[in-house]
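> Dropping a structure here in structure tokens format, bear with me for questions.
The values are calculated or read from the model by the stated rules, or taken from the named source; none is laboratory data. What you see is a predicted model; the values in this text were computed from it and never measured. Every residue, glycine as well, gets a Cβ built from its backbone with ideal geometry; the counts of neighbours run over all protein chains shown.
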Amino acid sequence: MFEPSKFARDAVISLREEVASGSAIVACSGGVDSTVCAELAKRALGDRVTAVFIDDGMRREGEPERVLRLLRTLNVRATAVAASERFFDALAGIGDAEEKRKAFRETFYATLADVGGALRAQYLIQGTIAADIAETVAGVKTQHNVLEQIGFSTDKYGFRVLEPLAELYKPQVREVAEQLGLPKAVCQAMPFPGPGLAIRVVGEITPDRVSAVRKATRIMEDETKDSGAFQAFAVLIPVKATGLRNGSRTYGYIVVIRSVESRDAMKATASPIPAESLRRIAKRIVDEVEGVSRCVYDVTDKPPATIEYE
């Protein structure tokens, strides 16, 4: 039987032993996995660790501010890095999902290397979990935070990577979060992908497409916040369809809304959204998100689909 208190205690001891001297950074998005890592690292290393939030331009509305407030509430030393232009440049012109994930990964670690170098950190601690590793090794899709398990060397970045949660699945991570006394909003947070909205835009990334799916995401999360779904989100399909507004023709993008139930993200079942809620979500997205002409509802399970689109 998994014992979250024992796991947390052992993880703190292990981090303290592995970072016997020097300092570390923690890649922290504010989700449950990375926040657990930040808390464990703080308990192990004290002021020798700094949590780093990368504002890559692919986050949800207000996320940089929210994550920094959270980390400061937890008394974790934290810094945010503005890097949206760097990421948009790296992803420009890339339409293939796997190539997009790999370009994001390269830019993500190059950015962390710059921060780590400035802070003279020799270690990077990150929240890779077992599901990330399993899907990447199986060739389902590249998770940006899976490195040495697929022969991706970190030597060029100048830090050693530590992954205290690599043997855990999401339910166990949530148990550890509760054991550590993290806020309920963190313990029960819906998963959000590491590459963020970059993989919730099908095909090529552009600032206007990311802006549109960011607004649709806010609406979807607001309307489903009490649904209890494992994940509920919006995806932008860069194919245009004819619409009608105020008696005039429009021609805009299609937004897909998706809600799933899952335990560990390895399998998922499409979860029902009541018809009245569906109509309200669709109306809000088409009315409030510029450049969108229609909204559709995805009810595909995993498998055969994956949870995310890219």
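> Out of 167, 178, 204, which single residue is more than 23 Å from residue 93 (Cβ to Cβ) and in contact (Cβ under 8 Å) with a residue 60 or more places away in the chain?
Criteria check complete, one pass: 178.
> Could you please let me know if residue 121 is more than 17 Å from the chain's Cα centre (by Cα) and buried (at least 18 other Cβ atoms within 10 Å of the Cβ)?
In short, yes.
> Starting from residues that are among the β-branched types (Val, Ile, Thr) and not in a helix (DSSP H, G or I), keep the ones in region 185-202 and report whichever is farthest from the chain's Cα centre (by Cα).
202
> Follow-up. Of all residues in region 175-189, how many are buried (at least 16 other Cβ atoms within 10 Å of the Cβ) and either assigned by TED's automatic domain parsing to the domain that holds residue 272 or of a type in the set (A, V, I, L, M, F, W, C) (or both)?
7
> When only residues in region 266-283 that are surrounded by fewer than 15 Cβ atoms within 10 Å (Cβ to Cβ) and within 30 Å of residue 129 (Cβ to Cβ) count, which is modelled with the highest pLDDT?
269
> A further question on this structure: Identify, by number, the condition in (1) more than 16 Å from residue 15 (Cβ to Cβ); (2) of a type in the set (S, T, N, Q); (3) buried (at least 23 other Cβ atoms within 10 Å of the Cβ) that residue 75 doesn't meet.
In the conditions (1) more than 16 Å from residue 15 (Cβ to Cβ); (2) of a type in the set (S, T, N, Q); (3) buried (at least 23 other Cβ atoms within 10 Å of the Cβ), residue 75 misses (3) alone.
> Could you go through region 71-78 and let me know if any residue there is within 24 Å of residue 208 (Cβ to Cβ) and without any contact (Cβ under 8 Å) to a residue 40 or more places away in the chain. Walk me through it before giving the result.
Quick first cut of region 71-78, residues within 24 Å of residue 208 (Cβ to Cβ) only: none.
The answer is no, given that none of the residues of region 71-78 is within 24 Å of residue 208 (Cβ to Cβ) and without any contact (Cβ under 8 Å) to a residue 40 or more places away in the chain.
> When residue 30 is evaluated against the numbered criteria (1) outside any loop (DSSP other than H, G, I, E, B); (2) surrounded by 18 or more Cβ atoms within 10 Å (Cβ to Cβ); (3) touching a Lys or Arg at 6+ places or on another chain (Cβ under 8 Å), which criterion, by number, is the only one it fails?
Among (1) outside any loop (DSSP other than H, G, I, E, B); (2) surrounded by 18 or more Cβ atoms within 10 Å (Cβ to Cβ); (3) touching a Lys or Arg at 6+ places or on another chain (Cβ under 8 Å), the lone unmet condition for residue 30 is (1).
> Please indicate, with yes or no, whether at least one residue in region 130-141 is modelled with pLDDT under 95 and under 20 Å from residue 236 (Cα atoms).
Within region 130-141, one or more residues are modelled with pLDDT under 95 and under 20 Å from residue 236 (Cα atoms).
> Here are the criteria: (1) in a loop (DSSP other than H, G, I, E, B); (2) within 18 Å of residue 189 (Cβ to Cβ); (3) more than 18 Å from the chain's Cα centre (by Cα). Tell me which single one residue 22 does not satisfy.
Among (1) in a loop (DSSP other than H, G, I, E, B); (2) within 18 Å of residue 189 (Cβ to Cβ); (3) more than 18 Å from the chain's Cα centre (by Cα), the lone unmet condition for residue 22 is (2).
> I need the full set of residues from region 68-93 which are of a type in the set (D, E, K, R), part of a helix (DSSP H, G or I) and either over 23 Å from residue 23 (Cβ atoms) or touching a helix residue (DSSP H, G or I) at 6+ places or on another chain (Cβ under 8 Å) (or both), in order please.
Result: 69, 85, 86, 89.
> A further question on this structure: With the structure loaded, tell me whether residue 129 is assigned by TED's automatic domain parsing to the domain that holds residue 177 and in contact with a Leu (Cβ under 7 Å, 6 or more places away or on another chain) or whether it fails that test.
yes
> Could you list all residues from region 101-113 that are of a type outside the set (A, V, I, L, M) and in contact (Cβ under 8 Å) with a residue 24 or more places away in the chain?
Matches in region 101-113: 101, 102, 104, 105, 107, 108, 109, 111.
> While we're on this one: Output the number of residues of region 53-67 satisfying the condition of being surrounded by fewer than 22 Cβ atoms within 10 Å (Cβ to Cβ) and either in a strand (DSSP E or B) or touching a strand residue (DSSP E or B) at 6+ places or on another chain (Cβ under 7 Å) (or both).
The qualifying residues number 2.
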